[in-house]
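The structure appears right after this line, and notes come after that.
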Amino acid sequence: VLASLPLQMMLYFNVYYFPVWCLAEGMMLQLKYHLLQWHYQFLLVAAFLILSLAEGSRLYLGYVGNLQEK
C-alpha cells in the first residue's frame with residue numbers, strides 16, 4: 001500500500017492555510033469578545049482552543065500516518 005498523493009496534497013495545503021484560519025479567527029474573536037456576555041466569552045474561547053488543538057493534531061496524525069502508510 002502506497003501513500004495517497006491526493007490526501008498528501010490536501011494535508012500540505014491545509015498545513016499552510018491553518019495558521020491563516022487561526023489568525024483570522026483570533027482577530028474576529030478579539031473584535032467581538034468585549035461585546036459578549038461572560039458565558040459566551042468562555043464558550044467562544046473554549047471552542048476556539050478545542051478546534052485549534054483538534055485541527056493541529058488531525059493534520060499531524062494525517063501527515064505522519066499517510067507518509068508511514070498507516
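The values are calculated or read from the model by the stated rules, or taken from the named source; none is laboratory data. Since the structure is predicted, the reported quantities are computational estimates derived from the model, not experimental observations. No Cβ is skipped: glycine too gets one built from the backbone with ideal geometry, and neighbour counts run over all protein chains shown. The accessibility values were calculated without ligands, DNA or RNA, using every heavy atom of the protein model including side chains. Shrake-Rupley method; radii C 1.70, N 1.55, O 1.52, S 1.80 Å.
When the Gaussian network model of the chain links Cα atoms closer than 10 Å, the mean-square fluctuations of Leu53, Leu23, Leu36 top out at Leu36. Within the accessible surface of the chain, defined with a 1.4 Å probe on protein heavy atoms only, the carbon and sulfur portion equals 75 percent.
Once the cut-off is 17 Å, how many percent of the Cα-Cα pairs in the chain end up in the long-distance tail? The proportion of pairs with Cα distances above 17 Å equals 52 percent. Note on Phe42: accessible area approximately 140 square angstrom, rounded to 10, probe 1.4 Å, nucleic acids and ligands left out. With all protein chains kept in place, the per residue accessible area of the chain amounts to 83 square angstrom at a probe of 1.4 angstrom. Using the Cα gyration tensor of segment 1-41, with a ≥ b ≥ c the square roots of its eigenvalues, what is the shape: rounded (a/c below 1.5), prolate (a/b larger than b/c) or oblate (neither)? Note, shape of segment 1-41 comes out prolate. Each residue of segment 7-20 is assigned a 3J(HN,Hα), and the resulting list reads 5, 5, 5, 5, 5, 4, 5, 5, 4, 7, 7, 4, x, 5 Hz, derived from the Karplus form 6.51 cos²θ - 1.76 cosθ + 1.60 (θ = phi - 60°), x at Gly and Pro. Applied to segment 36-42, the Karplus parametrisation 6.51 cos²θ - 1.76 cosθ + 1.60 on θ = phi - 60° returns per-residue 3J(HN,Hα) values of 9, 6, 5, 6, 6, 4, 4 Hz, with x for Gly and Pro. A Förster distance of 35 Å, applied to the separation of the beta-carbon atoms of Leu7 and Met28, puts the FRET efficiency at 0.75. Assign one of three labels to segment 20-59, namely rounded, prolate or oblate, based on the Cα gyration tensor with a ≥ b ≥ c the square roots of its eigenvalues; rounded applies when a/c is under 1.5, prolate when it is not and a/b is larger than b/c, and oblate otherwise. Oblate is the answer for segment 20-59, as a/c is 1.5 or above yet b/c matches or exceeds a/b. Phi angles across segment 25-30 convert, under the Karplus curve 6.51 cos²θ - 1.76 cosθ + 1.60 with θ = phi - 60°, into 3J(HN,Hα) values of 5, x, 5, 5, 4, 5 Hz, Gly and Pro given as x.
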